[in-house]
Amino acid sequence: MAKYIIKRLFYAFLTILVLLALTFVMMHMLPGDPFSTGKAMDEGTKQALRAYYGLDKPLLEQFIIYVRNAMVGDLGQSIKYSRPVMQIIMESFPYSFQLGMLSLIFAVIAGVALGAVAAIRRGRAADTVAMTLSVIGVSIPSFIVAALLQYFCALKLNQLTGTQIFAVTGWGNFNQMILPALALSFSSLATVSRLMRTSMLDVLSSDYIKTAKAKGLSEKAILWKHAIRNAIMPVVTVLGPIAAAVLTGGFVVENVFSIPGMGKFFVLAIKENDYTLIAGTTLFYGAFLILAVLVVDILYGIIDPRIKLASEKE
C-alpha cells in the first residue's frame, strides 16, 4: 500500500507540473496583461510593475521560479488584490468546501437511492420519474437550476407562506445553504443515479443473485447484502472527480447566490489577467482533484477486498 501511494504521489507531482506549464502558456496567450485593465497608466509604470512581479523575465524562468516558490507554499502575490494568493485561498476555500460537502452528501445519497429504486422498479413509474430527473439534471446547467430555485423557492414560496423559508443570497444559516447545495448537486445527482441504475440492473441479473434467491433469502437481504453493495462499486470510481468538482464549489453557483468562495476569485482572476491568482487557484484545484482520486482509489480497495492495488501485483 505504501509503495502504491508513493508511486501515485510521484505521478501526481508530474501531473501538477504539466498542469502548471499549460496554465502558464495559456494565461500568457490571453489578450492584454494584468496592467492593461482598470486604470490607465503610462508605459514606464507598466514596465516597473512588470519588473516588480517578475513578468519581465522569460516565460521559462518565470515558471521555474514559480514552481520553486510553490514547493515551499509561496503562491505569489495577487496582482489585483495585492494580497498573498495562499491567504485568499485559505479565506475563501472553507465556503466552497462547505457548499461542496453539502452538495456531495445530497448527490450521493439521493443519487444512489434514485438509481436503486429505478432499477428495482424498472419500466414502472418510479423508473420513469428517476430517469427523467437524471436527464434534466444532465441537460440543464447549474446556473439555470440556481435561478429557478431562487425564483420558485426563495421568492414565490416565501411570498406564498409569508415566511422566509429559503434565502435568496448569502451563506451561513441553514436557509441560506440548502438552495445553493441543491443547485450544485443536481448534475452530480443525475450522474450518480444513472450509473447506479445501470450497475444495479447488471447485478440483479447476475448468477449469484439468482443463487441467493434459490436459497430462499429474503428480497430485503438480497438487495442490501448483495445487490446494492456490489452495484455501488462503479459509483465509487466516479466519486473522485465528482468530489473534487463540488468540494471546490461551483463558480457560477457561488456568484448567483453571492457566496464568498473560491469561484468568485477564480473568475475575476481570469477577467483581470491576474496571472499569480490564476496559477495559484489552478494549482489548488488540480492538487485537490488528484488527492480526491487517490483517496477514492484507496477506498475502492478497502470496500472490495477482491480489488488488488497495482503495488500488490508487482
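Quick notes
- Residues in the stretch 211-223 that are over 19 Å from Val117 (Cβ atoms) and surrounded by 11 or more Cβ atoms within 10 Å (Cβ to Cβ): Thr211, Ala212, Lys213, Leu217.
- The single condition among (1) within 20 Å of Ile105 (Cβ to Cβ); (2) without any contact (Cβ under 8 Å) to a residue 40 or more places away in the chain; (3) open to solvent by less than 70 Å² (accessible area, probe 1.4 Å) that Asn173 does not meet is (3).
- Wholly enclosed helices (runs of 4 or more DSSP H) of the stretch 1-77 bearing at least 2 residues within 20 Å of Leu289 (Cα to Cα) and modelled with pLDDT under 80: 2-29
- In the stretch 267-293, the residue that is nearest to Pro94 (Cα to Cα) out of those that are buried (at least 23 other Cβ atoms within 10 Å of the Cβ) and among the small types (Gly, Ala, Ser) is Gly280.
- Among all residues of the stretch 32-42, there is none that is under 17 Å from Gly280 (Cβ atoms), out of contact with any Cys (no Cβ under 9 Å at 6 or more places or on another chain) and without any contact (Cβ under 8 Å) to a residue 24 or more places away in the chain.
- Subset of the stretch 105-121 [open to solvent by less than 30 Å² (accessible area, probe 1.4 Å) and closer than 30 Å to Phe284 by Cβ]: Ala107, Ala110, Gly111, Val112
- Listed by first and then second residue, the pairs with beta-carbon distance under 7 Å, at least 6 apart or on different chains, first residue in the stretch 112-140 and polar (S, T, N, Q), second in a helix (DSSP H, G or I) and surrounded by 14 or more Cβ atoms within 10 Å (Cβ to Cβ), are Ser134/Ala190; Ser134/Ser193; Ser134/Arg194.
- Being among the β-branched types (Val, Ile, Thr), touching a helix residue (DSSP H, G or I) at 6+ places or on another chain (Cβ under 9 Å) and closer than 30 Å to Tyr275 by Cα holds for only one residue in Val108, Val85, Val135, and it is Val85.
- Exactly one residue among Ile89, Ile5 is under 14 Å from Leu283 (Cβ atoms) and surrounded by 11 or more Cβ atoms within 10 Å (Cβ to Cβ), and that residue is Ile89.
- The single condition from (1) out of contact with any Ser or Thr (no Cβ under 9 Å at 6 or more places or on another chain); (2) under 14 Å from Glu254 (Cβ atoms); (3) not basic (Lys, Arg) that Gly162 fails is (2).
- Selected residue [within 29 Å of the chain's Cα centre (by Cα) and open to solvent by 30 Å² or more (accessible area, probe 1.4 Å)] from Asp202, Asp207: Asp202
- Meets criteria (among the charged types (D, E, K, R), on the phi < 0 side of the Ramachandran plot and in contact (Cβ under 8 Å) with a residue 40 or more places away in the chain) for Glu272: yes
The values are calculated or read from the model by the stated rules, or taken from the named source; none is laboratory data. Please read these numbers as outputs of a predicted model, since none were measured by experiment. Cβ coordinates were reconstructed from backbone atoms using ideal geometry, including for glycine residues, and neighbour counts include every protein chain displayed. Ligands, DNA and RNA are excluded from the accessible area calculation, which covers all protein heavy atoms including side chains. Shrake-Rupley method; radii C 1.70, N 1.55, O 1.52, S 1.80 Å.
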